[in-house]
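Have a look at the structure below, then the notes.
The values are calculated or read from the model by the stated rules, or taken from the named source; none is laboratory data. Note that the structure is predicted; figures quoted are calculated from it, not measured. Cβ placement follows ideal geometry from the backbone for every residue including glycine, while neighbour counts extend to all protein chains displayed. Each accessible area value is taken on the protein alone, full model and side chains, heavy atoms only, with ligands, DNA and RNA left out. Shrake-Rupley method; radii C 1.70, N 1.55, O 1.52, S 1.80 Å.
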Amino acid sequence: QFATRVVSCRAAELRPEGGGEPVRGFQVVLEDTILFPEGGGQPDDRGLIGDVPVLRVTRRGPEAVHFVQAALEPGAEVLLSLDWERRFDHMQQHSGQHLITAVVEQMFGFKTVSWELGRQRSVIELDTPSMTAEQIEALERSVNEKIRERVPVMVRELAADDPEIETVRSRGLPDDHVGPVRVVDIEGIDSNMCCGTHVSNLSDLQVIKLLGTEKGKKNKTSLVFLAGNRVLKSIEQSYNTEKALTSLLKNGPGEHVEAVKRLQSSVKLLQKNNLNLLRDIAVLIARDFKSKPVQSELFVLHRKEGDSEFMNIIANEIGTEETLLFLTVGDEKEAGLFLLAGPVEAVENLGPRVAELLGGKGTGKRGRFQGKATKMSRRGEVQALLQEFISHRSPEA
């Protein structure tokens with residue numbers, strides 16, 4: 001916690017990170033702050049000003065701007081509270097990145113191009129087309145040795161014109177930077193220009209787990225890692241998943257992969273058998289219709305299990321020169337598929353109207369109109385429409 005004063009408060013809007021409508025609120029500047037504004041690859045802190053939640057902290061030149069949804073009186077003394085769990089997580093990931101960046105360059109000469117502190121995992125973009133499994137294993141072993149050595153991490157401030165700045169790892173200062181230059185030192189390992197928050201000793205990182213690499217931009221490799229508490233949370237999540245799979249698959253963790261492969265093979269075989277049965281059923285349905293002495297001018301069928309092929313087989317077997325077919329598959333009251341088949345002119349006329357009634361969309365050609373429907377419960381209305389069309393078309397009418 002930290003006591004300070006409100007310098008200014010002005011109305012503003014905040015665009016949510018996940019998109020959506022802007023949030024109305026206020027941008028508040030304080031005399032000083034303990035909430036870190038986003039920057040340097042690190043997300044911003046969260047906390048409270050009094051009892052008002054801080055939803056975002058950004059940097060504007062030398063100022064930290066706090067976005068809140070309640071107005072604060074300029075000049076008022078306020079108590080600032082920091083969300084420590086979020087802060088410490090970011091400290092672990094950021095210091096972990098500095099350590100990995102320094103050691104991977106010392107070991108293999110791979111320079112860091114950029115990095116991202118994500119919500120679930122962090123990624124370091126390295127200037128190399130690839131890394132071998134052996135290199136990743138050696139790097140993970142080395143960074144964890146440094147953690148066990150309890151190496152101190154210190155922060156220094158240098159004047160902007162200090163010649164020592166030239167010896168410090170840096171990707172350059174922001175154009176609007178003012179004041180001294182902040183340098184983060186990992187004793188005997190790294191010296192890095194950085195504005196972010198860090199642990200005071202590598203032992204606070206607990207452990208680093210390298211999850212592997214992903215293909216990055218051209219000739220770059222993305223190294224994925226977890227540090228500290230994120231490793232513990234990942235292990236807990238993996239263990240819970242393992243327990244659930246052990247219960248479902250009725251075997252030990254070492255046999256899970258083979259068990260899933262066997263299940264996949266069984267599912268593929270069942271799907272193939274199911275498809276063959278559906279085809280046979282479609283043929284039998286069509287032949288049953290054709291075997292009747294007097295064939296109706298309208299054939300309507302709904303089946304919960306089926307697909308487009310099922311409906312088209314029926315249409316092919318019956319033939320659509322005289323009969324108008326309305327076939328549907330899927331949930332009786334929700335979404336599904338439909339097929340209208342019959343004389344070309346009739347289908348061209350009725351197809352779009354059928355799709356509209358079923359709350360769906362479709363396309364048609366050569367006497368067939370088919371598509372997806374969202375309101376299968378209105379099949380009765382479609383049947384009435386088709387019946388009316390046939391009654392007007394018949395010579396008796």
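Observations
- Condition check for Leu327: open to solvent by less than 60 Å² (accessible area, probe 1.4 Å), over 38 Å from the mean Cα position of the chain (by Cα) and at pLDDT 90 or above: no
- Residues of segment 330-351 that turn out to be under 40 Å from the mean Cα position of the chain (by Cα) and surrounded by 14 or more Cβ atoms within 10 Å (Cβ to Cβ), as a count: 8
- Residue that is modelled with the lowest pLDDT [pool: residues in segment 156-184 that are out of contact with any Pro (no Cβ under 7 Å at 6 or more places or on another chain) and open to solvent by less than 20 Å² (accessible area, probe 1.4 Å)]: Val168
- Residue selection: Val199 satisfies the criterion of being modelled with pLDDT of 95 or more, assigned to a loop (DSSP other than H, G, I, E, B) and open to solvent by less than 30 Å² (accessible area, probe 1.4 Å).
Table: residues versus (1) within 29 Å of Gly172 (Cα to Cα); (2) open to solvent by less than 40 Å² (accessible area, probe 1.4 Å); (3) in contact (Cβ under 8 Å) with a residue 24 or more places away in the chain.
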{"residue": "Glu17", "(1), (2), (3)": "yes, no, no"}
{"residue": "Asp45", "(1), (2), (3)": "yes, yes, yes"}
{"residue": "Leu55", "(1), (2), (3)": "yes, no, yes"}
{"residue": "Pro62", "(1), (2), (3)": "yes, no, yes"}
{"residue": "Gln92", "(1), (2), (3)": "yes, yes, yes"}
{"residue": "Leu99", "(1), (2), (3)": "yes, yes, yes"}
{"residue": "Val113", "(1), (2), (3)": "yes, no, yes"}
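- Pairs with Cβ under 6 Å, 6+ apart, first in segment 227-240 and farther than 20 Å from Asp204 by Cα, second at pLDDT below 95 and in a helix (DSSP H, G or I): none
- Given (1) surrounded by 12 or more Cβ atoms within 10 Å (Cβ to Cβ); (2) in contact with a helix residue (DSSP H, G or I) (Cβ under 6 Å, 6 or more places away or on another chain), number of the condition Leu386 does not satisfy: (2)
- Selected residue (only one of Ala282, Ala244 is open to solvent by 40 Å² or more (accessible area, probe 1.4 Å), farther than 30 Å from Asp190 by Cα, without any contact (Cβ under 8 Å) to a residue 40 or more places away in the chain and assigned to a helix (DSSP H, G or I)): Ala244
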